[in-house]
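This report refers to the structure that appears directly beneath it.
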């Protein structure tokens, strides 16, 4: 049979209905894998190309999803976006990226602008500037929404995150096993469950090993690199900790800079460990011991969850998905 290759022709050659072909091409749960493979194989053989405009008009779908993140120029989020895009391509969707710069008003503005049907669903990693639970309680009722990395608990939504408490506990034990007894904590994401879980893991590891959290050894992240540098410099000069545990990678460069300026030798005088997906961590002098999150996998898993919602396949799933981070020991902890 010659002529245009469309859904009708695929249905005629396979002797099945047009509706069945359409559902198979869209990977519907209603169609068996055997039938899907028959349809996919023939579509490939005949070089079938879907007409997205016609399909979208029929289904009222935009074939577009939005990703709302704090920063694009961040190694973790750039890796997560790659994972999201891989899954979006599989389902024939485009990806729109919005960055909030940790501004909660901008975050809500972006999200509200997407509620008029511009996208089929949203993946978001929320701003750390404020815990905006009431807003998201209402939002999850209006649009397919998945949280990743920076999540909100106790909502009817998928949360894809990492084992922040456990890996923070393990990292603290590593510092203690390296001989550290006076560990300073550089606190980021304090308004979010992830930040609180990391601090709890640190605190419990100290207590389980006969040490206590000293409030004078805890500093909190601010949106000013010079101020963060000053905080760390004051901490080092006034309290002489033997280790720095950074809960976010934004503290890393200020920490190294302060140590160099004050002539603190790493790791002889002070050991440093940080949550970080920086590709350059091994190039720092000395190389940085890191807690590295599986960013690409988080992106893939979050996007997979969103398409479960869009394809009505996710009912009954456990909505809290936890992936494991990795402690990568390098020279900055020196053991």
Spot the failing condition for residue 248; the list is (1) surrounded by 14 or more Cβ atoms within 10 Å (Cβ to Cβ); (2) more than 30 Å from the chain's Cα centre (by Cα); (3) closer than 20 Å to residue 329 by Cβ, and only one is missed. (2)
Count of segment 255-281 residues which are in contact with a strand residue (DSSP E or B) (Cβ under 7 Å, 6 or more places away or on another chain) and either surrounded by fewer than 20 Cβ atoms within 10 Å (Cβ to Cβ) or farther than 13 Å from residue 184 by Cβ (or both): 5
Checking residue 192 against (1) over 21 Å from residue 100 (Cα atoms); (2) modelled with pLDDT under 95, the condition it does not meet: (1)
Which residues, counting only those in segment 100-128, are more than 17 Å from residue 304 (Cβ to Cβ), touching a helix residue (DSSP H, G or I) at 6+ places or on another chain (Cβ under 8 Å) and outside any loop (DSSP other than H, G, I, E, B)? 108, 111
For segment 265-298, give me each residue that is without any contact (Cβ under 8 Å) to a residue 60 or more places away in the chain and out of contact with any helix residue (DSSP H, G or I) (no Cβ under 6 Å at 6 or more places or on another chain). 265, 269, 270, 280, 281, 282, 283, 284, 285, 286, 287, 292
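A quick yes/no check of all residues on (1) part of a loop (DSSP other than H, G, I, E, B); (2) under 30 Å from residue 134 (Cα atoms):
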| residue | (1), (2) |
| --- | --- |
| 194 | no, yes |
| 216 | no, no |
| 230 | no, no |
| 235 | no, no |
| 252 | no, no |
| 268 | yes, no |
| 278 | yes, no |
| 291 | no, no |
Picking from 97, 87, which residue would you name as being over 19 Å from residue 192 (Cα atoms), in the same structural domain as residue 146 (by TED's automatic domain parsing) and either out of contact with any helix residue (DSSP H, G or I) (no Cβ under 6 Å at 6 or more places or on another chain) or at pLDDT below 90 (or both)? 97
For segment 147-156, indicate whether the set of residues that are touching a helix residue (DSSP H, G or I) at 6+ places or on another chain (Cβ under 9 Å) and outside any loop (DSSP other than H, G, I, E, B) is non-empty. yes
Scan segment 223-242 and give yes if some residue there is under 21 Å from the mean Cα position of the chain (by Cα) and either at pLDDT below 95 or within 19 Å of residue 174 (Cβ to Cβ) (or both), otherwise no. yes
Here is a list of conditions, (1) at pLDDT 95 or above; (2) surrounded by fewer than 19 Cβ atoms within 10 Å (Cβ to Cβ); (3) not assigned by TED's automatic domain parsing to the domain that holds residue 250, and residue 312 meets all of them except one; can you say which number that is? (1)
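The values are calculated or read from the model by the stated rules, or taken from the named source; none is laboratory data. Since we're looking at a predicted model, the values are computed, not measured. Here Cβ is always computed from backbone atoms with ideal geometry, including for glycine, and neighbour counts include all displayed protein chains.
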